[in-house]
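Notes to accompany the following structure.
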Amino acid sequence: MAKLYFRYGAMGSSKTANALMVAYNYYERGKLALLVKPKLDNRDGEGVMASRIGLNQKCDFVENLMVMPEDEIKSYDCIIVDEAQFCTKEHVELFVHIVDDLEVPVICYGLRTDFQRNLFPGSMWLLAWADVIEEIKTVCWCGKAATCNARFNDQGMVTEGDQVVLGANDSYIALCRKHHRERKLKP
């Protein structure tokens, strides 16, 4: 039975590396996994899914999946979605349809919350509708579990602004809740 998975974690928890490893596991077993991400995420170039540790793979876009014929979708053994927090309600509804009606598993990876600890739209719908929800863990500089994403600049922690500002280690750090509340980026 196919399921909809949401695997979430804070920045730097190896979500993309995990997604690429799962795709490779399918490949090793002679199976076909489709890698997709929202077009909004263009940090690594168009049509590339890349992790901080150097793993990368060509991918398609969630937006293209929306118009893909069902027979083509059914030709895949699994669909793996990265940066799922940027998905819309309609995208997540499609994932539910793919799982329930086409019987193809969909594994989504993404952030749960933004730098202000607010849910992203895609994450909200995945938390509501996913069959399996799993946290990918990482740690704060203090050693405690990091569950918050802090945006920062030269002046320190940023607490206001647009929900989506693309960046990586140059703009974001994962913190435990206490240090996020205290706005303490390092010891």
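The values are calculated or read from the model by the stated rules, or taken from the named source; none is laboratory data. Everything numeric here is computed off the predicted structure, so don't read it as measured data. Every residue, glycine among them, receives a Cβ derived from its backbone with ideal geometry; neighbour counts consider all protein chains shown. All accessible areas refer to the heavy atoms of the entire protein, side chains included, with ligands and DNA or RNA removed. Shrake-Rupley method; radii C 1.70, N 1.55, O 1.52, S 1.80 Å.
What the table below lists for this structure:
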| read-out | value |
| --- | --- |
| Odd one out for Asn118 among (1) open to solvent by 50 Å² or more (accessible area, probe 1.4 Å); (2) more than 18 Å from the chain's Cα centre (by Cα); (3) not charged (D, E, K, R) | (2) |
| Strands (runs of 3 or more DSSP E) lying entirely in region 83-187 (those with 2 or more residues that are without any contact (Cβ under 8 Å) to a residue 40 or more places away in the chain) | 148-153, 156-158 |
| Qualifying residues in region 39-79 (those that are β-branched (Val, Ile, Thr) and touching a residue at least 12 places away in the same chain (Cβ under 8 Å)) - the one nearest to Ala19 (Cα to Cα) | Ile79 |
| Some residue of region 135-153 being within 19 Å of Glu182 (Cβ to Cβ), open to solvent by less than 70 Å² (accessible area, probe 1.4 Å) and basic (Lys, Arg) | yes |
| Strands (runs of 3 or more DSSP E) contained entirely in region 1-75, each with at least 1 residues that are on the phi < 0 side of the Ramachandran plot and among the polar types (S, T, N, Q) | 56-58 |
| Every pair of residues 6+ apart whose Cβ atoms lie under 6 Å, when the first sits in region 6-31 and is crowded, with 18+ Cβ neighbours inside 10 Å while the second is assigned to a helix (DSSP H, G or I) | Phe6/Leu126; Gly9/Lys15 |
| Residues satisfying the stated conditions in region 32-43, i.e. open to solvent by less than 20 Å² (accessible area, probe 1.4 Å) and under 14 Å from the mean Cα position of the chain (by Cα) | Leu35, Val36, Lys37, Pro38, Asp41 |
| Candidate set: region 57-76, residues that are farther than 14 Å from Ala33 by Cα and charged (D, E, K, R); chosen: the one most open to solvent (accessible area, probe 1.4 Å) | Asp71 |
